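**Q** The structure is given below, and queries will be raised subsequently.
The values are calculated or read from the model by the stated rules, or taken from the named source; none is laboratory data. If you're wondering where the values come from, they're calculated on a predicted model, not measured in any experiment. FYI the Cβ positions are ideal-geometry reconstructions off the backbone, even for glycines, and counts take in every protein chain you see. We work out accessible area using only protein heavy atoms, side chains counted, and drop any ligands, DNA or RNA first. Shrake-Rupley method; radii C 1.70, N 1.55, O 1.52, S 1.80 Å.
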Amino acid sequence: MGATASNTTVQPSKLTAAQHAATPPPGCPMHQDSQPASPPSGCPMHQAAGSTPPEQNGGPPVPAHQERAYEFVECPMKAAAGGDKMPHDIDPANMMPPPNQTPAQDQPFPLPVNREVSTIPRAGSDKKWVYPSEQMFWNAMLRKGWRWKEDDLGPQDMTNIIKIHNQNNEQAWQEILKWEALHAEECPCGPSLARFGGKAKEFSPRAKIRSWMGYELPFDRHDWIINRCGKEVRYVIDYYDGGEVDKQTYQFTILDVRPALDSLGAVWDRTKVAWWRWTS
């Protein structure tokens, strides 16, 4: 992280990512008796809970497994004791199976099951995306073929891995907000994340060109689909090794975040930003 390759400062319009950031509530909304304020009518992805389901309004479906994730935020031990109540299918929002909070058979030490709420709005809901627990991350690595006996890992290492993972996602969202500031007038409520997927072995054309020029290839790639007030827009995120991890912020990845060149609007956005960089 650290320095990011997609520093999209939008000087002409004086817009920043902070304009899209939601103001934090004075207390914990889930413990308040008062009803949340009604969002602007033009922001269907931020409708309050209890309203018409977004899929009935033509919006993206709410990820079922993300809904249960809040149980592991508010009371992780009680949620873990409840077992896996979700069906064993793939969540189309993140292309992952249901969360597995059960320790692996040969796991050498216990891991926390609590989960952290991100700052990233979730399309089709008034809630935020929830990050995986350390136990979920461990199980996910095993499912992808990793074997812990080949590495000398301890509980603190898993804590650090989760913090780096979460920081990477927060940084990626801030970079997306810089691009989305170009569309603040058409989407005053700000964007939300609809779904995402990893494509570590599918290098983007930009990454390939950089490699031909002698630069390193990214160690990972994600495609994020955001909801821009009813319009879906795809972003490509390339992750590059930035060296030593900052022990204070857990940043070490250099991110290259930009709209995918799959629409005239995205081409125009990237052209404008490239021109501003060149002439600034």
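**Q** I'd like the residue in segment 176-233 that is without any contact (Cβ under 8 Å) to a residue 12 or more places away in the chain and hydroxyl-bearing (Ser, Thr, Tyr) and, out of all such residues, is most open to solvent (accessible area, probe 1.4 Å).
**A** Tyr215
**Q** Please determine, by comparing only the residues of segment 234-260 that are at pLDDT 95 or above and over 17 Å from Gln174 (Cβ atoms), which one is most open to solvent (accessible area, probe 1.4 Å).
**A** Arg234
**Q** Turning to a different aspect of this structure: Just to be sure before I move on: is Ala123 in contact with a His (Cβ under 8 Å, 6 or more places away or on another chain) and of a type outside the set (Val, Ile, Thr) in the structure I sent? I'd like the intermediate steps shown before the answer.
**A** On the way: in contact with a His (Cβ under 8 Å, 6 or more places away or on another chain): no; of a type outside the set (Val, Ile, Thr): yes.
No; evaluated as a whole, the condition is false for this residue.
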